[in-house]
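Working notes for the structure below.
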Amino acid sequence: MDLITTTPQLVEVCARLARHKVITVDTEFLRETTYYPLLCVVQMASPDEAVVIDALAEDIDLAPFFKLMADEKVLKVFHAARQDIEIIVHQANIVPHPIFDTQVAAMVLGYGDSIAYDQLVERITGHRPDKTHRFTDWSRRPLTGEQMNYAVSDVTHLRDVFAALDADLKKRGRNDWVSEEMEVLTSPRTYDFHPERAWERLKTRVRKPKELAVLMEVAAWREQEAQSRDVPRSRVLKDDAVGDIAIHAPTSLEKLANLRSLPKGFDRSKWGTDIVTAVQRGLARDPAALPKLEKPRNNSNGAAIVELLKVLLRMTSERHAVASKVIATVDDLEQIAADDQADVAALHGWRRDLFGEAALSLKHGRLALAIERGRVVRVDRG
């Protein structure tokens, strides 16, 4: 195990790693008090070696690492890759490719929904990883020997996890399933943080075009403010407050002060006027130019259909040893219950073959569910 603290060292190690078809990668970062994650440590391993890179070292330029992440000849293996990739996109404006996410692969192979790294390692290798430094302050220097051992073990165990999952995927013929998920993870749109799209991440109860317009403007303002100050979104305005503002649309500081979701005195802060201005911008938007809101589902049997679809989903998950979460979400089920043509993942690709077609058949009475010897079974009705 080597600690890399200079650019020449990093150039050499990346050149060696680039000769391998597969490497494992992990990062350690902090983001509790910032909008953008602070990259502190990078660890990588090939079959021959494992290295720890001090990303905060004064004499290091991470360009060779970013070049390796973009090398099409090298498969980069992560666990729960999204946050790692987000850091690389922010710092280098590149999306690592090709990649393999062991958490996604584990879901496809029936290890449960979003299994944690240490649990996956233990189930596959029998080794119980040390969790001591999971919440350590990775920005403090110097790095201790214990921290380095913890960091490097993440990528050395990951080699064994990848080998086992890859072999199982090939055996079951599910490589393409994982490949579909990797296309989403490596899509630049997944890491598009433009303020005008910030509202899409919010789960709110807006139902009217006017409310949506205000939501879009206030969410965009919050995103810009968080980015410019490099603080978490919640430090500017909590999600429930954004939704509350969208629904009540306060057009004055007095009306803003009446919202219970805002801290007392917030209307008198420098942000009060900004929010009222954002509300006014939202109210001035052309409703015809807004995204279409999902219509309330008024099917009196909708809830019952969703419950039946949940049973079918669980049955399918258990029968095929695939995590239910990766097949369909509750939102998918609700949309399928309301619309046969719903644009949800569960009605596309391998998910449609595995579950989507059966879900539509159940909805329309071509398939029924019954209990036989204590188990739920499908009954085809033609």
ask   = Just to be sure, is ALA106 open to solvent by 20 Å² or more (accessible area, probe 1.4 Å), within 24 Å of the chain's Cα centre (by Cα) and among the hydrophobic types (A, V, I, L, M, F, W, C)?
value = no
When segment 251-263 is checked residue by residue, the ones that are outside any helix (DSSP H, G or I) and either of a type in the set (A, V, I, L, M, F, W, C) or more than 17 Å from VAL236 (Cβ to Cβ) (or both) are THR251, SER252, ASN258, LEU259, ARG260, LEU262
Turns out the helices (runs of 4 or more DSSP H) fully within segment 317-382 with at least 2 residues that are β-branched (Val, Ile, Thr) and within 21 Å of TYR111 (Cα to Cα) are 324-327
Those residues of segment 93-130 that are free of Cβ contacts under 8 Å to residues at least 60 places away in the same chain and of a type in the set (S, T, N, Q) come to a total of 4
The residue from VAL51, VAL95, VAL74 that alone is among the β-branched types (Val, Ile, Thr) and more than 13 Å from VAL25 (Cβ to Cβ) is VAL95
Note on segment 179-206: residues open to solvent by 20 Å² or more (accessible area, probe 1.4 Å), part of a loop (DSSP other than H, G, I, E, B) and out of contact with any Asp or Glu (no Cβ under 9 Å at 6 or more places or on another chain) are THR186, SER187, ASP192
Checked pairs for segment 219-231, first in contact (Cβ under 8 Å) with a residue 24 or more places away in the chain and more than 23 Å from LEU30 (Cβ to Cβ), second part of a helix (DSSP H, G or I) and open to solvent by 10 Å² or more (accessible area, probe 1.4 Å), C-beta under 7 Å and 6 or more apart or across chains, list as ALA219/TRP199; ALA220/PRO195; ALA220/GLU196; TRP221/ASP274
When every residue in segment 127-161 that is outside any loop (DSSP other than H, G, I, E, B) and among the β-branched types (Val, Ile, Thr) is compared, the one most open to solvent (accessible area, probe 1.4 Å) is THR156
By residue number, the members of segment 359-379 that are open to solvent by less than 70 Å² (accessible area, probe 1.4 Å), among the hydrophobic types (A, V, I, L, M, F, W, C) and either within 11 Å of LEU308 (Cβ to Cβ) or at pLDDT below 95 (or both) are ALA359, LEU362, LEU367, ALA368, LEU369, ALA370, VAL376, VAL377, VAL379
Quick count over segment 21-42, residues being open to solvent by less than 40 Å² (accessible area, probe 1.4 Å) and in a loop (DSSP other than H, G, I, E, B), is 3
Answer with yes or no whether LYS210 is touching a residue at least 60 places away in the same chain (Cβ under 8 Å), open to solvent by 40 Å² or more (accessible area, probe 1.4 Å) and in a helix (DSSP H, G or I). yes
Checked segment 112-126 for anything open to solvent by 50 Å² or more (accessible area, probe 1.4 Å) and either closer than 19 Å to ALA346 by Cα or among the small types (Gly, Ala, Ser) (or both); matches are ASP113, GLY126
| said: Given the condition closer than 25 Å to GLU180 by Cα, touching a residue at least 40 places away in the same chain (Cβ under 8 Å), out of contact with any strand residue (DSSP E or B) (no Cβ under 9 Å at 6 or more places or on another chain) and assigned to a helix (DSSP H, G or I), answer yes or no: does some residue in segment 6-19 qualify? | reply: no
Only unsatisfied item for LEU3, checking (1) crowded, with 16+ Cβ neighbours inside 10 Å; (2) modelled with pLDDT of 95 or more; (3) not aromatic (Phe, Trp, Tyr), is (2)
| query | Any chance segment 101-123 includes a residue that's in contact with a Pro (Cβ under 9 Å, 6 or more places away or on another chain) and within 14 Å of GLU28 (Cβ to Cβ)? | reply | yes
Note on segment 299-345: residues surrounded by 15 or more Cβ atoms within 10 Å (Cβ to Cβ), β-branched (Val, Ile, Thr) and out of contact with any helix residue (DSSP H, G or I) (no Cβ under 7 Å at 6 or more places or on another chain) are THR329
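The values are calculated or read from the model by the stated rules, or taken from the named source; none is laboratory data. Just so it is clear, the structure is predicted and the values come from calculations on it, not from any experiment. Positions of Cβ are backbone-derived with ideal geometry, glycine not excepted, and every protein chain shown enters the neighbour counts. With ligands, DNA and RNA removed, areas are computed over all heavy atoms of the protein, side chains included. Shrake-Rupley method; radii C 1.70, N 1.55, O 1.52, S 1.80 Å.
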